[in-house]
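Please read the structure below before turning to the comments.
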Amino acid sequence: MKALGVSSRSLVDALPLLGALSVVVVLLVMPLLVVFTEALHEGLGEYFLALREPDALAALRLTLTVAAIAVPLNLVFGVAAAWAITKFEFPGRQLLISLIDLPLAVSPVIAGLIYVLLYGAHGWFGPWLAERDIQIIFAVPGIVLATVFVTFPYVAHELIPLMQAQGREAEEVAMSLGASPWRSFFTVTLPNIRFALLYGVLLCNARAMGEFGAVSVVSGHIRGETNTLPLHVEILYNEYNFVAAFAVASLLALLALITLALKSWLEWRHGDALASGSVR
Amino acid sequence: MKAVLAWASPVQRPISILRGFRLTLGLSLVWLAVIVLLPLSAVFVRGFDEGWRHFAEVAFSARAWAAYQLSFGAALLAAAINAVLGLLLAYVLVRRRFPGRALVDALVDLPIALPTAVAGIALSALHAQNGWIGQWLAPLGLDLAFSPAGVVLALVFIGLPFVVRTLQPVLEDLGRSQEEAALSLGASRVRVFLRVVLPAIAPAWLTGVGLAFARAVGEYGSVIFIAGNMPYRSEIAPLLIVIQLEQYDYAGAAAIAVVMLVLSFLLLLGINALQAWQRRRQEGVA
C-alpha cells in the first residue's frame, strides 16, 4: 500500500464518500427525478391538463380535507398525552408510552382492516350503522379514522422526550405567581414546546397526506368521491395513464420536498428546542 | 372510568400544583382506546369468527406461508443491506466534510416524507426493462421489477433512514480520538473498526436495523407497484389481506392479520430491549 504512494492512499480515503454518494444518487435522487421527468414527459401542457382534471382536483380536495381533520385531532391528543405523561407520575406511565407507539408497528393494511371489521357492512357495528344510514367505510369518515390511526404517535412522540427534559418548574412558578392553568399553559408551556410541536405536526401532516395502504383498504376507490391523491396515483397508473399518474405523484413529491426543507430548517435553526434524534 | 382515574392519580408530591392530570390522561386513554386498542382487538376476535379450522385454513395455507416467507424474508434481507448502506452513509455524514453534505443529510429522510405510492411507481419506472437503471441491469440478467428482488429493493428504500438516523448521534458521541490512538499504535483499519468502533455502536446499529426490519415487514404501498404480485412468488402478506377482504372473507383477512400482528409485536419487544440496552450503554459512557 505504502509503495503505491499518496494518490492511492487518498483514493482509499475517498472510497466511503464515493460509495455513500452513489447510494444517495441511485436510491434517493433518481426516484425523485424520475417522478418529475415522467410527469413532464409530454410537455407542460399535458402536465397541467392532468392536474386540472376534475377527478384529480377532487382527490386533492379530499386529501386536504382529511389532513385538516386528522392532524388537529392528533395535535390535541399529542399535547394532552405528553402533558399527562411528563408532568405527572402515575403507575402504567411507561406502558402508556409504549401503547402510543403501537401504530408504528402495525402494517398500514391492518390499520385499514381494523376499521372495516368494526364499521364495515359485515362489521360489528355495520348493521347498527346501516339502520341509521350512516356510512363510515367506503366514505370520508373511514378515511379519516385510518389516517388518524397511522399518524397517531407522531406529535406525542416528538413532545414527550422534550417536555420530560424541561421538567415542570416553569409551570409551577407561573401557577404559584397566580396564573390560571390555561394561562400558564399558553404563556409558559406552549412557547417552550412550539418548535417540537411544529416538527411533530409537519411529520404528522406528511404522513396524513401521503398515506396509501390504510386508506386504500377503507376508501372503496370511488373516483371523485373517496379517492385521495395517493389512491388517484394508483388508479391512473393501473390504467397505464403514466403522464397523469406521475403528474399527480409530482404534487406529492413536492409536498415531500417542502416537508424535508422545513424539517431541515427546524433542525438547523431550532435544533436545541427539539428532542434529539428521533426517527420513525 | 372514574375508578381507573382514581387508581391512576399522580403520586403525591409536596409542591406539585400543576393541573389538568385527569383531563389530559382521560382524554389520552379514551382516544387511545377508541382509535387503537378497540379496533386492534377486533382483529383478534374476528380472526376466529368462523372457528379455528377456518383460521388455520387461511392463515396457514400454502399461499399464506409463501407470503409470510416473502414479507419477512425480503424485510430481513433488506434490513441486512441497510445495515451496510446505513452505516456507510452515517459514517460519511458524521466524519466527512464535503460540499452538499447538508443536502445529502436532508435527503436521507426522503423515504419517510415521500408517500409510499409515489416511491412505488418511481422505483418501478426506474427498474423496468426500459428504465434508467433497468436498461443497464436487464442485459446482465438482473431483472428487479416484478420479482422478489424488486420487493427487496423497495424495502431497502423504505428502511434506509432508520439505520442512518439511529447511528448518527452515536457516531457523533464516539469522537475519533480512540480510533486515532489505535491507528497510531499500528492497528489496521479493519482491526480498529472491529475492536473500537463496532463495540461502541453495536446496540444502536442493531436497533436501527430492527426498526428498518419492523417497518419493512408491514410495508404495502411501495412494494405492490414493483413486485408484480404473483401468488407464491412475489405476493406479500399485506396484499393477501387485501385480497381476502375483496372476497369478503373478513375472518380470513383477520386471520392473516393476527399472524402478522403477533410476529410484529414480538419484534417490537425485541427492539425495545435493544433500545434499553443502548440507553444503558450511553449512560455508562456519559
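The table below gives the values:
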{"item": "Rounded to the nearest 20 debye, dipole of chain B from Cβ charges on Lys, Arg, Asp, Glu", "result": "1100 debye"}
{"item": "Of the DSSP H helices in chain B, those whose Cα atoms cover at least 15 Å axially and whose Kyte score averages 0.0 or more", "result": "B:21-32, B:62-95, B:116-127, B:148-174, B:198-218, B:250-285"}
{"item": "Computed E for residue B:132/residue B:80 - FRET, C-beta separation, R0 22 angstrom, nearest 0.05", "result": "0.30"}
{"item": "Stokes-Einstein diffusion coefficient of the protein assembly as shown, Kirkwood radius over Cα pairs, 10 °C, 1.306 mPa s, in µm²/s", "result": "63 µm²/s"}
{"item": "In nm, spacing of pseudo-spin labels at residue B:188 and residue A:42 (7 Å Cα→C-beta vector)", "result": "5.9 nm"}
{"item": "Helix runs (DSSP H) in chain A reaching 30 Å along axis by Cα, Kyte-Doolittle at least 1.6", "result": "none"}
{"item": "Net charge of Cβ neighbours under 12 Å - reference residue B:160; Lys, Arg +1; Asp, Glu -1", "result": "+1"}
{"item": "Cleavage-rule hits (chymotrypsin sites (Phe, Trp or Tyr not before Pro)) in region A:179-251: DSSP loop, at most 11 neighbouring Cβ within 10 angstrom", "result": "A:240"}
{"item": "Neighbourhood charge, 14 Å Cβ-Cβ cut-off, centred on residue B:247 and excluding it, Lys, Arg +1 and Asp, Glu -1", "result": "-3"}
{"item": "For region A:183-280: span of alpha carbons on each principal axis (Å, largest first)", "result": "53, 27, 20"}
{"item": "GluC sites (Glu not before Pro) within region A:218-277: DSSP coil, no more than 10 neighbouring Cβ in 10 Å", "result": "A:239"}
{"item": "For region B:83-139, the Rg and Dmax computed from alpha carbons only, in angstrom", "result": "14.6, 38"}
{"item": "Distant-in-sequence amide H partners of residue B:228 (H built 1.01 Å from N, under 5 Å)", "result": "B:146"}
{"item": "Where the Cα pairs of region B:139-209 fall when distances are cut into 5 Å bins, in %", "result": "3, 15, 17, 14, 13, 11, 10, 9, 6, 2, 0"}
{"item": "Proximal charge balance of residue A:232 [Cβ under 15 Å; K/R count +1, D/E count -1]", "result": "-3"}
{"item": "Projected label distance in nm at residue A:11 and residue A:51, using a 7 Å step from Cα toward the beta-carbon", "result": "4.7 nm"}
{"item": "Gyration tensor verdict on chain B (Cα atoms; rounded if a/c is under 1.5, prolate if a/b is larger than b/c, oblate otherwise)", "result": "oblate"}
{"item": "Chain A: calculated mean residue ellipticity at 222 nm from DSSP helix runs of at least 4, using -39500 (n - 2.57)", "result": "-23000 deg cm²/dmol"}
{"item": "Computed over region A:130-231, Cα set: Rg, Dmax in Å", "result": "19.4, 58"}
{"item": "Over chain A: Rg over Rh, Cα atoms, Kirkwood Rh", "result": "1.07"}
{"item": "Cα convex hull of region B:170-249, projected area averaged across orientations, nm²", "result": "8.3 nm²"}
{"item": "Rg followed by Dmax, in Å, when region A:208-262 is reduced to its Cα trace", "result": "11.6, 35"}
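Every read-out reported here was derived from the displayed coordinates using simple, explicitly stated rules and does not represent laboratory data. Not measured: the values here are computed from a predicted model. Here Cβ is always computed from backbone atoms with ideal geometry, including for glycine, and neighbour counts include all displayed protein chains.
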